[in-house]
Amino acid sequence: LNRSADRTNEYEGRMEDHHREFVVGAILSWCAWTLVYNIAPFINGRFLPRKMYRNLVGVSSDGAATVEEKKKANREIVDWDSKLPTFLHSVFAGALATYCCFFDKSLMADKIAGTSFAWKLTTWNTVGFFIWDFILHFRYQKIFGMPMLLHAVLGLATYTICGTSKETPMAWHACSLLLFELTTPVMIARICAIKLSGSKAAVQAMTNLFGLSF
């Protein structure tokens, strides 16, 4: 009985450490993505073409602009600012997922119960991102719509469940879903090409590449 109690206590101790590690990692990730979002206006204002961003900022602060013009400009500013963390997360998450699915021997050997540091890093990164994503889409639900809010809720729930599970994290399968993130950079590049009134050939090339990557 004593041995059984010791094993139970040891197991519970490992679970507490696992959950504590997960919470700390997710919070740090959320802070990082929030920081990226907060510096997005500076980066967008400096590097995006004037007609894509700086003109919008001018309209939003123009005393002569109508209320509707200001609202439209503010909606587009929020949309552009959200693209920077979304783009960076898709690149980072896609790279981690690719490694986990095709190079991480621990996950490849046991697709149900296998785990590794790369997997932990993946869940911390993704859960922290989805916390930021949920807050953004909840705050600006009228801009982004209910489907995007639901996407944030489901993403947060999925990777929280997998990330906190010690016995069956389904790590390889969860990472395989994250491979879809690799389509996001192409999608954002296509949006930029359309906004810049790029050639039809360029837009079509981006569209085809998005279809292939998906």
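The values are calculated or read from the model by the stated rules, or taken from the named source; none is laboratory data. Keep in mind the model is a prediction, meaning the values are calculated, not measured. Here the Cβ is made from the backbone with ideal geometry for all residues, glycine too, and neighbour counts use every protein chain on show. Ligands, DNA and RNA are excluded from the accessible area calculation, which covers all protein heavy atoms including side chains. Shrake-Rupley method; radii C 1.70, N 1.55, O 1.52, S 1.80 Å.
For the stretch 150-170, give me the residue count where each residue is modelled with pLDDT of 95 or more and touching a helix residue (DSSP H, G or I) at 6+ places or on another chain (Cβ under 6 Å). So the count comes out to 5. In summary, residue 196 fulfils each of the numbered conditions (1) in contact (Cβ under 8 Å) with a residue 40 or more places away in the chain; (2) farther than 30 Å from residue 108 by Cβ; (3) open to solvent by less than 70 Å² (accessible area, probe 1.4 Å) with the single exception of condition (3). Open to solvent by 40 Å² or more (accessible area, probe 1.4 Å), without any contact (Cβ under 8 Å) to a residue 40 or more places away in the chain and more than 19 Å from residue 111 (Cα to Cα) - does that describe any residue in the stretch 164-181? So far as the stretch 164-181 goes, no, none of its residues is open to solvent by 40 Å² or more (accessible area, probe 1.4 Å), without any contact (Cβ under 8 Å) to a residue 40 or more places away in the chain and more than 19 Å from residue 111 (Cα to Cα).
Those helices (runs of 4 or more DSSP H) of the stretch 32-119 in which 1 or more residues are of a type in the set (Asp, Glu) and surrounded by fewer than 17 Cβ atoms within 10 Å (Cβ to Cβ) occupy 67-102. Annotation note: Cβ proximity below 6 Å between a residue of the stretch 73-88 that is free of Cβ contacts under 8 Å to residues at least 24 places away in the same chain and a residue that is in a helix (DSSP H, G or I) (sequence gap 6+ or interchain) occurs for 73/56; 73/59; 73/60; 74/60; 76/56.
Somewhere in the stretch 134-151, is a residue more than 18 Å from residue 22 (Cβ to Cβ), among the charged types (D, E, K, R) and touching a Phe, Trp or Tyr at 6+ places or on another chain (Cβ under 9 Å)?
Applying the first criterion (more than 18 Å from residue 22 (Cβ to Cβ)) to the stretch 134-151 yields 135-151.
Add one more test, that the residue is among the charged types (D, E, K, R), and what stays is 139, 142.
Keeping just the survivors that are touching a Phe, Trp or Tyr at 6+ places or on another chain (Cβ under 9 Å) gives none.
Scanning the stretch 134-151, I find no residue that is more than 18 Å from residue 22 (Cβ to Cβ), among the charged types (D, E, K, R) and touching a Phe, Trp or Tyr at 6+ places or on another chain (Cβ under 9 Å), so the answer is no.
Cβ separations smaller than 8 Å between residues 6+ apart or across chains give the following pairs from the stretch 42-62 residues that are of a type in the set (Phe, Trp, Tyr) to residues that are assigned to a helix (DSSP H, G or I) and surrounded by 12 or more Cβ atoms within 10 Å (Cβ to Cβ): 53/44; 53/45; 53/77; 53/80.
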